[in-house]
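Notes follow once the structure below has been shown.
The values are calculated or read from the model by the stated rules, or taken from the named source; none is laboratory data. In this text the structure is predicted, and so the values were computed from the model without any measurement. A quick note on method: Cβ atoms are made from the backbone with ideal geometry, for glycine too, and the neighbour counts reach across all protein chains shown. To get the accessible areas, we keep the full protein, side chains included, count just its heavy atoms, and leave off ligands, DNA and RNA. Shrake-Rupley method; radii C 1.70, N 1.55, O 1.52, S 1.80 Å.
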Amino acid sequence: MKNPTIAIALLLLCALNSLAQPVDSAQPMSPQHHLMPVPAAVQFQMGRLKIDASFTASAVGPADARLAAGIQRAARRLEGRTGLTFSRAPVSDPQTATLRIECKGPGSPVPSVSEDESYALDVTDRQAVLKAATAVGALRGLETFLQLLEGDRIGYYIPAVSIQDRPRFPWRGLMIDAGRHFQPVEVIKRNLDGMAAVKLNVLHWHLSEDQGFRVESKRYPRLQQMGSDGLYYTQEQVREVIAYARERGIRVMPEFDMPGHATSWLVGYPELGSAPGPYAIERKAGIFEPAFDPTREPLYKFLEGFFTEMAGLFIDDYIHIGGDENEGHQWTSNPQIQAFMKARGLKDNHALQAYFNQRLSEILQKLGKKMIGWDEILHPNLPNDTVIHSWRGPASLVEAARKGYDSILSAGYYVDLMYPTWQHYQADPVAADSALSEKEAAHILGGEAAMWSEWVSPDTIDSRIWPRTAAIAERLWSPRNVTDVDDMYRRLEAISVELEELGLTHEKNVAMMLRRLAGSKEIGPLKTLVSIVEPVKHYRRNQDRSATMLTPLTRLIDAARADSEAGRRFAALVDGLLRDVPTFCRNQERIKMTLTDWRDIRPALDAMIDKSPVLREAEQLPRDLAEIGGAGLEALSYLAADLAPPDGWRDARLSMLEQAAKPKAEVEFAIIEPVRKLIILAAAMPGLKSLPQSQWKDRVLTLTAHKGR
Ligand code: ACM
């Protein structure tokens, strides 16, 4: 032991500390609101409004069916959370209802990008008063009211508060790709409920892909008959979804991706393609060659017929025409298309696509629809009332705004890529350092989280969307200066639980999937493992291309979730460890318990893997975890004892960690960084201890600095 005095002193201090303080849970001690998105202006006051069985809610002013239904839904959710039963009798005096809603009018009959969604909510110890210009504003305020609910030993209550709220951006969406993997109506509906809970207002429904055409066309029935494997939405179901969304103040914008990503159309209508066919529904993930032939007039006749039918079905002002990732290989190899381009002076495929977009724009204009497409459609010949949907990077958003196009952002909001919430949270459509003028910035309407569905099933899609999309919703609704990442995570955990009451499966399906993998109800060790791994990020899944759209999505990677909460908590404990002596003492016991768990869990995991061949791909993970846990424990004991580890220990453990950090079974550990920190600090610690506390912190930071979090 290098310095027994310090070690003994530390032990003694820890013993004293444990008498005085509860174990730190890495949570702030004081109760704080968990509103998400944070309102534009919120002021808490003294007092509380009791919520008990006498709770009533009533609208005064013009009757509105949508608002009345919203009030009923809110009351049922409040009952569900509190266990109280509210009276179903009409409220005798709406003026004195516990929650009085003053709504000036119904708002637009069809949800619109220009809807007034503002509201004001004032809660005193006598009454809550919610005021809004439209039913949609009132619905937004009801969600805030529900998020305010607190409980203590006395009972449930809403804290006294004054809130004035309005969205920062008018376009706050979630795109769901129903093309790659079909998502049944109940999946769409529960996600609409989740969207409403966090004040999102656009469902962008991606309905056609190489892998599936998902809407019934009565005019061109071979689209769904031959292009969908029987998995498509009937027109009645589409109307049902649109009505469901409208009830919640949410627009439904369809996307029909063209001229590329169009294989499924060509199965039934090969004559629309740029090569003769025949075509089959695509089963793989990727970018494929089939594309419409934009040089042939019958294509436009077909599209006019198709969009006329769809414009009658989808009532939103906007239709998304996709336009992404058309590489034009079929165009290049088709002499007739090349001749057409030459005759018209279209110098490349991009120019031909611009020609196609102009023709589409004319069709949609005639139908009273506005056209929107992915950023590839930006071209000097693009009609200026087109909206640009930026996905390849924020540069196209800026370029579009500068050129006077309205635009929305999805770059930074691809939830399919499994990035942590804080990264999405930092993507701002109009960042503080934006060089755009006010007029240019006004063209940026907002953004959309994007849920591409190559690797999601109805069982897993919620866990890819939620809760991370709630943080994106906050970025799009709340003032720009709401950027505290730790506070976002604190609130996100609370919101995630509330989202479950809407039927979303992002939490509960993890256990279901683990039971299926284990073939048993006993999943404790597997639960621990899955809580600290994450699916590989970006486009690193399926690099060997062995999986197709028919492959079951029931593996460990499918149960694992992005942005491991357990990993984040562990990292917070390690970061706190070296802050000061009290935190060291509080956190070290927790860290030790966790590391011990990881070190010792291997036999139980090995036994589960032995019984479930489907888990065999993950057999290296328990071995890695045992080593990670063991190394962390060694580091912790060196740190606690102020003991220098032997020569070579640091490098050996870091190299072990490097191996353990490599993905296996397409998941990666989310605990590598904090253990790396422990190892580095343990090796440097004896020297560190002699530094004054002020320099200590800087030194710790320098030693552990690493790109990423
Ligand atoms: C896209 O991700 N291809 C829009």
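For the reader, a short list of remarks on this structure follows.
- Taking only protein heavy atoms and a 1.4 Å probe, the accessible area of region 123-229 is 47% carbon and sulfur.
- Distance between the C-alpha centres of region 427-457 and region 366-417: 10 Å, rounded to the whole angstrom.
- Furthest towards positive pole of dipole, HIS379, ALA562, TYR233, structure part the chain, Cβ charges: ALA562
- Each part reduced to its alpha carbon centroid, region 268-286 and region 519-535 end up 41 Å apart.
- FRET efficiency, 1/(1 + (r/R0)^6) with R0 41 Å, evaluated for ARG699 and ASP597 via beta carbons: 0.85
- Remark: the Cα gyration tensor places the chain in the oblate category, a/c being 1.5 or greater and a/b not exceeding b/c.
- Note on LYS189: accessible area is roughly 50 Å² with a 1.4 Å probe, heavy atoms of protein only.
- Overall form of region 283-439 per C-alpha gyration tensor (a/c, 1.5; a/b vs b/c): prolate
- Two-site FRET efficiency, VAL60 against THR554, from Cβ-Cβ distance with R₀ of 60 Å, rounded to 0.05: 0.70
- Considering only SER114, TYR489, VAL161, the residue lying farthest towards the positive end of the dipole of the chain is VAL161, judged by Cα position with unit charges set on Cβ.
- Mean ellipticity per residue at 222 nm, deg cm²/dmol - from DSSP H runs of n ≥ 4 across the chain, formula -39500 (n - 2.57): -13500 deg cm²/dmol
- Look at where the Cα atoms of region 77-112 and of region 311-357 average out, and the two centres are 50 Å apart.
- Ligands, DNA and RNA left out, the accessible area of region 415-543 computed with a 1.4 Å probe is 51% carbon and sulfur.
- Relative to the Cα centre, the charge distribution of the chain, modelled as +1 at Lys and Arg Cβ and -1 at Asp and Glu Cβ, gives a dipole magnitude of about 680 debye.
- Residue-level accessible surface for LEU529, protein heavy atoms, 1.4 Å, Å²: 0 Å²
- Database remark: amide H of GLY212 closer than 5 angstrom to the amide H of SER264 (H placed geometrically; neighbours at sequence offset of 5 or more, or on other chains; Pro and chain starts carry no H).
- Summed side-chain charge close to GLY503 - residues other than GLY503 whose Cβ falls under 13 Å, Lys, Arg +1, Asp, Glu -1: -1
- Assigned charges on the beta-carbon of Lys, Arg, Asp, Glu; region 497-562 dipole about Cα centre (debye): 340 debye
- Estimated distance in nm for a label pair at GLU399 and MET46, the labels positioned 7 Å out from Cα along Cα-to-Cβ: 5.9 nm
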